[in-house]
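See below for the structure under consideration.
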Amino acid sequence: MVLDVDEDGAVELVTGNGVFAWSAATRDWVREAYFTRSNCAGAGCGDGQVAVGDFGDFASARFTDARIPEIAVVSSGYVRIDTIEGRTVFGPIALPGGGTGGPPTVADFDGDGLAEVAAAGATAYSVMDPDCGPRSVSRSGGRCETSTTTGVLWSRPSQDASSNVTGSTSFDFEGDGRVEAVYADECFARVYDGATGTVLFSQQHSSCTWYENPVVADVDGDFRAELVVGSNFNCGSPTTGVACPGVGPRGVDVQFAGLRCSTDAECPSSRCVTGFCRCTADSECCPGSAPAGDGGVADASVDAGGDAGRTTGSGSECTYVCAAPPDGTPGAGNTCRAARPRGVRGIRVYADIADRWVRSRTIWNQHAYNVTNVEDDGRIPASGAVRRNWRERTLNNFRTNVQGTAEITSSPDGTVSGTGYMCLASGAARLRVRACNRGTAPMADGLPVGFYSGAGVTLGPRVCQAPTPRALMPGECVDVTCDWVASPQERATPVTAVIDDTRMRTECHEENNLGVIEDVVCRPPG
């Protein structure tokens, strides 16, 4: 990884075994003279995969500015944090679950304003926190949410005995100050509560596991973040992927208690009891689209490739089943739980069906992604112009994307008004409306506008549909046209246009989405 960690205006090569400067004379990387492995020897003190962040006040005689970053290292099954001078200030901590260990992710998982580090091993995914000891680090305001003394904030079982070098990411999906951890092992893609490790979301997954990790980004330009997960059948069965012996009855994820909810409307079963969607049959868990859950997690999915029809609520293989939740789950009755009837292949993009997730960037350009290493348009900034991630108030993270904020009073508001029509030579009527965003937040492009015969309380069938051609900022409008091929030739008929007629987006006013084009008729010539 190359970045300017000592803030001298020149980039360094940062590894688990030193900080190196480029020598123009020898045309090679040369270890910085200030780096000395001073207080770490033995297991977990060697080279490894790294991330950079500001983990606390570790100023020294040479680097008196406490905001100089530290280096998180995952090395041969251990996790530690070093200063850029080589002094170990946390760890080495044996990675729970064993294994080599994947690339570290840096974020404030427990919401105490200070960074922690997450990593996956062979049989567990874990978050390590310097405030949880051992070799406890004094950090102003730091706390250990789970009151452990092992250095591990929390750890949850996973399956990656093959490579055990997979990565992860994190994101505060709802902008509520609680960061979620995101990790996909050989069998499931999961979202965890950052402070406690509770599994908030789970979907079937299959991977031979290399160094991959899930990605959070605004992939469709709708001003909302999405979760992107890749799957493959590169090992295991050529038709079902990697075997998952740790699943429960009917292939359920034993760590996932079920779809979460706050109201009946958020459940496919229309029954929300004690925070979970309750059910009596599988059909109640996947009648259409899965709901949006609590805690900022993706309880609905959009299939963006691979085995079409194998995501939630679509196709012949539902990925949620009605089953008894784990012991200790609040409330009574079965819940809709994630199951893995078989592996999946391809790329899947998950989004919140209630459209509550905050926005993020539309870019994630490299494995060692740290936000400031790339501009929004894909340009790589000159080394001297790179903003220091660890000094940014809203960043200080690694392998984590830009965090939007939850704007409770801000929302798009799509409106539409009929402006007329014209008859084409073919006899079709080209319908035209003016679509506007009357809200206080941007509205994504591609929002469907449906045109329905009739007007008033009861509308006839949809005669055509067309998308808005571009994103609309608050107050902006755009024309949308749509051809009614079988338009009436004798009797004039009104047409009602409905913006967002498939309810893709949540708006501040859902009741003002209609506009009428009066008396549409295209009589044949003569």
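The values are calculated or read from the model by the stated rules, or taken from the named source; none is laboratory data. Everything numeric here is computed off the predicted structure, so don't read it as measured data. A quick note on method: Cβ atoms are made from the backbone with ideal geometry, for glycine too, and the neighbour counts reach across all protein chains shown. To get the accessible areas, we keep the full protein, side chains included, count just its heavy atoms, and leave off ligands, DNA and RNA. Shrake-Rupley method; radii C 1.70, N 1.55, O 1.52, S 1.80 Å.
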Original post:
Are any residues in region 450-466 open to solvent by 80 Å² or more (accessible area, probe 1.4 Å) and farther than 18 Å from VAL485 by Cβ, and if so, which ones?
Top reply: VAL457, THR458
Original post:
Can you tell me how many residues in region 234-275 are buried (at least 19 other Cβ atoms within 10 Å of the Cβ) and touching a strand residue (DSSP E or B) at 6+ places or on another chain (Cβ under 9 Å)?
Top reply: 17
Subject >> Residues satisfying the stated conditions in region 356-372, i.e. more than 16 Å from THR105 (Cα to Cα) and out of contact with any Gly (no Cβ under 8 Å at 6 or more places or on another chain) >> reply: ARG361
Subject >> Tally of residues being in a loop (DSSP other than H, G, I, E, B) and surrounded by 22 or more Cβ atoms within 10 Å (Cβ to Cβ) across region 138-158 >> reply: 2
Original post:
Which of the residues spanning region 201-253 are in a strand (DSSP E or B), out of contact with any Ser or Thr (no Cβ under 7 Å at 6 or more places or on another chain) and more than 30 Å from ARG503 (Cβ to Cβ)?
Top reply: SER237
Original post:
Which condition does GLY418 not pass, out of (1) among the small types (Gly, Ala, Ser); (2) open to solvent by 30 Å² or more (accessible area, probe 1.4 Å); (3) touching a Gly at 6+ places or on another chain (Cβ under 8 Å); (4) under 19 Å from ASP218 (Cα atoms), if it passes all the others?
Top reply: (4)
Original post:
Given the conditions (1) within 27 Å of GLY111 (Cα to Cα); (2) in contact (Cβ under 8 Å) with a residue 24 or more places away in the chain; (3) surrounded by fewer than 15 Cβ atoms within 10 Å (Cβ to Cβ), and given that VAL52 satisfies all but one, which numbered condition is not satisfied?
Top reply: (3)
Subject >> Every residue from region 250-299 that is modelled with pLDDT under 85 and aliphatic (A, V, I, L, M) >> reply: ALA265, ALA290, ALA292, VAL297, ALA298
**OP:** Would you check which residues across region 1-23 are in a loop (DSSP other than H, G, I, E, B), open to solvent by less than 40 Å² (accessible area, probe 1.4 Å), of a type outside the set (A, V, I, L, M, F, W, C) and out of contact with any Gly (no Cβ under 9 Å at 6 or more places or on another chain) and list them?
**Re:** ASP6
Original post:
Of these, ALA61, ALA115, ALA41, which one is aliphatic (A, V, I, L, M) and in contact with a helix residue (DSSP H, G or I) (Cβ under 9 Å, 6 or more places away or on another chain)?
Top reply: ALA115
Original post:
Is it the case that SER168 is buried (at least 24 other Cβ atoms within 10 Å of the Cβ) and without any contact (Cβ under 8 Å) to a residue 60 or more places away in the chain?
Top reply: no
Original post:
Of (1) in a strand (DSSP E or B); (2) open to solvent by less than 10 Å² (accessible area, probe 1.4 Å); (3) at pLDDT below 90, VAL302 satisfies all except one. Which?
Top reply: (2)
**OP:** With the condition kept exactly as written, say whether any residue in region 103-114 is under 20 Å from VAL215 (Cα atoms), open to solvent by 30 Å² or more (accessible area, probe 1.4 Å) and in a loop (DSSP other than H, G, I, E, B).
**Re:** yes
Original post:
Any idea which of (1) among the polar types (S, T, N, Q); (2) within 34 Å of the chain's Cα centre (by Cα); (3) part of a strand (DSSP E or B) is the one SER417 doesn't satisfy?
Top reply: (2)
Original post:
Do we find a residue being more than 21 Å from the chain's Cα centre (by Cα) and either of a type in the set (A, V, I, L, M, F, W, C) or surrounded by 17 or more Cβ atoms within 10 Å (Cβ to Cβ) (or both) anywhere in region 372-384?
Top reply: yes
**OP:** Those residues that are within 19 Å of MET422 (Cβ to Cβ), open to solvent by less than 40 Å² (accessible area, probe 1.4 Å) and β-branched (Val, Ile, Thr), I need them from region 467-503; list them, please.
**Re:** VAL478, VAL480, THR493, VAL495, THR496
**OP:** Exactly one condition in (1) assigned to a strand (DSSP E or B); (2) closer than 25 Å to LEU395 by Cβ is not met by PRO92; state its number.
**Re:** (2)
Subject >> Output for region 69-85, where each listed residue is out of contact with any Gly (no Cβ under 7 Å at 6 or more places or on another chain), outside any strand (DSSP E or B) and open to solvent by less than 10 Å² (accessible area, probe 1.4 Å) >> reply: ILE84
